[in-house]
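Heads up, the thing below is written out as structure tokens.
Coordinate-derived values only; no laboratory data. What you see is a predicted model; the values in this text were computed from it and never measured. Positions of Cβ are generated from backbone atoms using ideal geometry, with glycine treated the same way; all protein chains shown enter the neighbour counts.
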Amino acid sequence: MSFESGISPEEYRRVMGHFLTGVTVVTAIDDGQLKGFTANAFSALSIDPPLLLVCPSYRSSTYRSLQSAGRFSVHLLAQGQEDLARTFASKEKDKADRYRWRISERGCPILDDTMGTIECRWFREYEGGDHAIVLGAVEAMSLRSDLKPLVYFRGDLFGLADLAQIATS
């Protein structure tokens, strides 16, 4: 689907960047290798059944890895994990070599030391412009409630304490 909106990509990013979101890293195993991308286009979708959605770019090689793997993990990032977020947002090869991770009993890749992990089975996919809208059926979850979230606001990453100062400037 295509339509003319008259809105530039820069204006779209500027305005949408003022909507505070959490930061996640989505991972999958492809040919024995950990693949992943940073996403703030993520949301809970349904409680019964438990579903979530994440929106990878069609141009992303990780999108193809998620498709072929059929399972993936969403990692909720904690304050202080800006490096992890930036690494998985990059086009850098071998991103996973810099971080400790393991494969769960369900076959999902789990990055160590994140605030939370949600293991999913690929459920459905819908078209969303230049991004896919991927629904994941949630199969397992874990949370470290002692950590505070990493957030995205105005095009940058912040901890909650830092955000209070930024939002008033």
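Points worth noting:
- Each of [x] 11.5; [y] 12.5; [z] 10.9 is a candidate for mean projected area of the Cα convex hull in nm²; the one calculated from this structure is [z].
- Lysines whose Cα lies under 18 Å from that of Lys35, excluding same-chain neighbours fewer than 8 positions away: Lys91, Lys93, Lys95
- Shown here for the range 77-169: trypsin sites (Lys or Arg not before Pro) in loop regions (DSSP other than H, G, I, E, B) with at most 15 other Cβ atoms within 10 Å, namely Lys91, Lys93, Arg100, Arg106, Arg144, Arg154.
- Here the sum of -39500 (n - 2.57) over DSSP H runs of 4 or more residues, divided by the residues of the chain, equals -5500 deg cm²/dmol at 222 nm, to the nearest 500.
- For the chain, the longest site-free run once GluC sites (Glu not before Pro) in DSSP loop states with at most 12 other Cβ atoms within 10 Å are removed: 5-91
- The aspartates and glutamates whose alpha-carbon is closer than 14 Å to the alpha-carbon of Lys148, local same-chain residues fewer than 8 away aside, are Glu82, Asp113, Asp162.
- Relative to the current alpha-carbon distance between Glu82 and Arg14, full extension at 0.36 nm per residue lengthens the span by 22.5 nm.
- The modelled label-to-label distance for the pair Gln67/Lys148, using points 7 Å beyond Cα in the direction of Cβ, is 4.1 nm.
- Anisotropy class of the range 95-169 from Cα gyration tensor, a/c 1.5 cut: oblate
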